[in-house]
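These notes are about the structure you will find just below.
The values are calculated or read from the model by the stated rules, or taken from the named source; none is laboratory data. Fair warning: this is a prediction, and the values are worked out from it, not measured in the lab. Backbone-built Cβ (ideal geometry, glycine too); neighbour counts: all protein chains shown. The accessibility values were calculated without ligands, DNA or RNA, using every heavy atom of the protein model including side chains. Shrake-Rupley method; radii C 1.70, N 1.55, O 1.52, S 1.80 Å.
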Amino acid sequence: MDEQGILQDGDRRAQAYVAGIESRRVFPDVEACSALSGFNEDLPEVGISATDTLKLMDELGSPATVASNGPNYFGFVIGASLPAAAAAERLALAWDQCASTQDGSPVADVLEKQAGRWLLDILDLPRDSAVAFGTSATACGLSCLAAARGALLDRLGWDVVNDGVMGAPEIKVIVPASTHVTVRKALQILGFGWARVLKAPVDGQGRIIPDQLPPMDGRTILVLQAGEVNTGEFDPFVELIPRAKAAGAWVHVDGAFGLWARAAPKLRDLTQGIEGADSWTTDGHKWLNTPYDGAMAICRDPQALARVMNSDAAYSTASADAQKNLTLEFSRRARGIPVWAALRTLGRTGVADLVETHHKQAQHIAAALSEAGFDVLNRVVLNQVLVRGTDDAATESILKQVQASGTSWFGGSVWQDRPAFRISLSSFRTRDEHVERLIKLLRRIGPDGSASLETGVE
Ligand SMILES: *Cc1c(COP(=O)(O)O)cnc(C)c1O
């Protein structure tokens, strides 16, 4: 088959998959997972045709997917893929641009700069900030924290890029005790050492308690959260950021999903004061519903980010705002393009609707579950509902039954040393009927986890 036929075959299979996404099991059944052993082949000596390869991938692979691109997936904050973003990604794959610099791709350079400007506009962050499109909030957080350390040391007359960290003035890092594990990972990679990082005490909703924040100075990086991973809560920025800035500290905000509250007029107050920070990270692949891997590092001082991330070489020089000089990647695909497509097709009101709808749905679930006797543990300020059954055994049983049901899926967590489950709203495909279906399933199982689902759910 010629190239066009192969691409059409891939597209046809992709379209069929997406067309069936609403009726697919949310988590694959045992048979589909067992059938994956069919991939266990010897490396072919002579290549096998592309059509055969796609056929195998689709026939064995598609049934063993998690339908996180569908409407009934409430795990983590994963988001689906908006049609415009997914299609733009497909076209960009055909372009196969090395989007490192303007030389590598004039169009990628322009589209990512445009996406960056729109992002700063819709999130209402300082308009001169650098926007780097990296693989994940993990990688983008790492970049911002490296910039933070570089900038603080620079102010102290220490050049971390040339002289490294050995013998440098010690930088103190403060995180909320509830910080995301990937912030921990980024700090560890950067050599901060988890045991040396100060964990600020948090309240019952996972927010830093201002009175108990350790002292800060000009050698301090303060990491704050927009969207705590269990409760969806926000640190008290209005109180903490001016205090940190007055002390000379650098403030970084992990807003992997929560930063999008700023784009929703009804939720914007949650982010009040956040614009005073020095750097922010957020994901496209979560709440904006762009495909993986797409995230943003935003840095108020573009030079601070460019200084630590620069990868200019004799054969590859570019401006400080070239993406290869702001992200971890050197060769890279233009991760900003699906973000551009998502923002252009949703518009300001579309993004606001997406976020506000999920908030409303989360509140509705919380109210319905409380009424049915479940223990809702958080205030539901955003898109997360944190729940327990009548006791720990019931919680575990409910979780297991929902995950096995195939009709809805959410994940477990541990909150204040006890098991809980976490219902996240983040797919543009989730309509009220899907929310009702989830509520019906949970009512049926009951807060004590006793009902049997063997007779089916619908
Ligand atoms: C998901 C998440 C991250 C990490 O984001 P990735 O894009 O998966 O690396 C960081 N912080 C919070 C609060 C998150 O929810």
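For segment 201-235 versus segment 59-112, the spacing of their alpha-carbon centroids is 33 Å.
Provide the net charge surrounding Thr231, with neighbours chosen by a C-beta distance below 12 Å and charges set as Lys +1, Arg +1, Asp -1, Glu -1. Present the calculation step by step, with values, prior to reporting the outcome.
Numbers: positive: Arg207, Arg379, Arg422; negative: Asp203, Glu228, Glu233, Asp235.
It works out to a net charge of -1.
Considering only Ala168, Ala19, Val202, and ranking their Cα positions along the charge dipole of the chain that arises from unit charges at the beta-carbon of Lys, Arg, Asp and Glu, the one farthest toward the positive end is Val202.
Relative contact order of segment 86-342, please, whole-number percent, based on alpha carbon pairs below 8 angstrom and at least 6 residues apart.
Numbers: 521 pairs, mean separation 78.2, N = 257.
Reported as a whole number, the value is 30 percent.
Each Lys and Arg Cβ is given +1 and each Asp and Glu Cβ -1; about its Cα centre, segment 86-342 then shows a dipole of about 260 debye.
Placing a pseudo-label 7 Å from each Cα along the Cα-to-Cβ vector at Lys440 and Gln303 gives an inter-label distance of 6.2 nm.
Under the classification rounded if a/c is under 1.5, otherwise prolate if a/b is larger than b/c and oblate if not, where does segment 120-187 fall, given a ≥ b ≥ c as square roots of the Cα gyration tensor eigenvalues? Since a/c reaches 1.5 but b/c is at least a/b, the shape of segment 120-187 is classed as oblate. Here the extension length gained between Ala16 and Ser311 equals 102.0 nm, from 0.36 nm per residue of separation less the Cα-Cα distance. When segment 300-352 is described by a simple charge dipole with +1 on each Lys and Arg Cβ and -1 on each Asp and Glu Cβ, the residue from Ser316, Leu343, Ala306 located farthest towards its positive end is Leu343. Label separation (Glu275 vs Thr349): 2.3 nm, computed from points 7 Å beyond Cα along the C-beta direction.
Hey, can you find the accessible area per residue of segment 3-68 for me, probe 1.4 Å, expressed in square angstrom?
Per residue, segment 3-68 has an accessible area of 68 Å².
Just check segment 39-153 against the gyration tensor rule for me: Cα atoms, a ≥ b ≥ c as the square roots of the eigenvalues, rounded for a/c under 1.5, and otherwise prolate or oblate depending on whether a/b exceeds b/c. The shape class here is prolate.
Long hydrophobic helices in the chain, taken as whole DSSP H segments with a C-alpha length of 30 Å or more on their own axis and mean Kyte-Doolittle hydropathy at least 1.6, are absent. Short-range pairs are left out: with C-alpha atoms under 8 Å and at least six residues apart, the relative contact order of segment 348-445 is 27 percent.
Taking the DSSP bridge list for the chain and keeping only pairs wholly inside it, about 60 percent are antiparallel.
Rounded to the nearest 20, the size of the Cβ-charge dipole of the chain about its Cα centre is 1040 debye, with Lys and Arg at +1 and Asp and Glu at -1. Around Val197, what is the net charge, scoring Lys/Arg as +1 and Asp/Glu as -1 over all other residues with Cβ under 11 Å from its Cβ? Taking every Cβ under 11 Å from that of Val197, the sum is +4.
Search the structure for amide H atoms under 5 Å from the amide H of Ser136, placed 1.01 Å from N in the peptide plane, and list their residues when 5 or more places away or on another chain. Amide H to amide H, under 5 Å and 5 or more residues apart or across chains, Ser136 pairs with Ala295.
Round to a whole number: what % of the accessible area of the chain belongs to carbon and sulfur, probe 1.4 Å? If you can, show how the numbers build up before the last one.
Working: 10660 of 20060 Å².
Accessible surface attributable to carbon and sulfur in the chain totals 53 percent.
What net charge is computed for the residues neighbouring Thr317, neighbours being all others with C-beta under 15 Å from the C-beta of Thr317, Lys and Arg scored +1, Asp and Glu -1?
It works out to a net charge of -3.
Note on the chain: dipole from Cβ charges, positive end direction compared against Ala148, Leu240, Pro447; the farthest Cα belongs to Leu240.
Multiply the residue separation of Val30 and Ser450 by 0.36 nm, subtract the distance between their alpha-carbon atoms, and state the gained length in nm to one decimal. Before the final figure, lay out the partial values.
Numbers: separation 420, 0.36 × 420 = 151.20 nm, distance 2.33 nm.
Stretched out fully, the Val30 to Ser450 stretch lengthens by 148.9 nm.
For the chain, relative contact order (Cα pairs under 8 Å, six or more residues apart, normalised by length) works out to 21 percent. These residues, Lys113, Lys286, go from largest to smallest accessible area, 1.4 Å probe, as Lys113, Lys286. Taking Cα centre as origin and charging only the Cβ of basic (Lys, Arg, +1) and acidic (Asp, Glu, -1) residues, the dipole magnitude of segment 348-445 rounds to 220 debye. Each residue was assigned an accessible area with a 1.4 Å probe, and for Cys98 the value is about 60 Å². The stretch between Glu396 and Arg243 holds 50.9 nm of extra length on full extension. This uses 0.36 nm per residue minus the Cα-Cα distance.
Calculated accessible area for segment 86-342 comes out at 38 Å² per residue, all protein chains present (probe 1.4 Å; ligands, DNA, RNA ignored).
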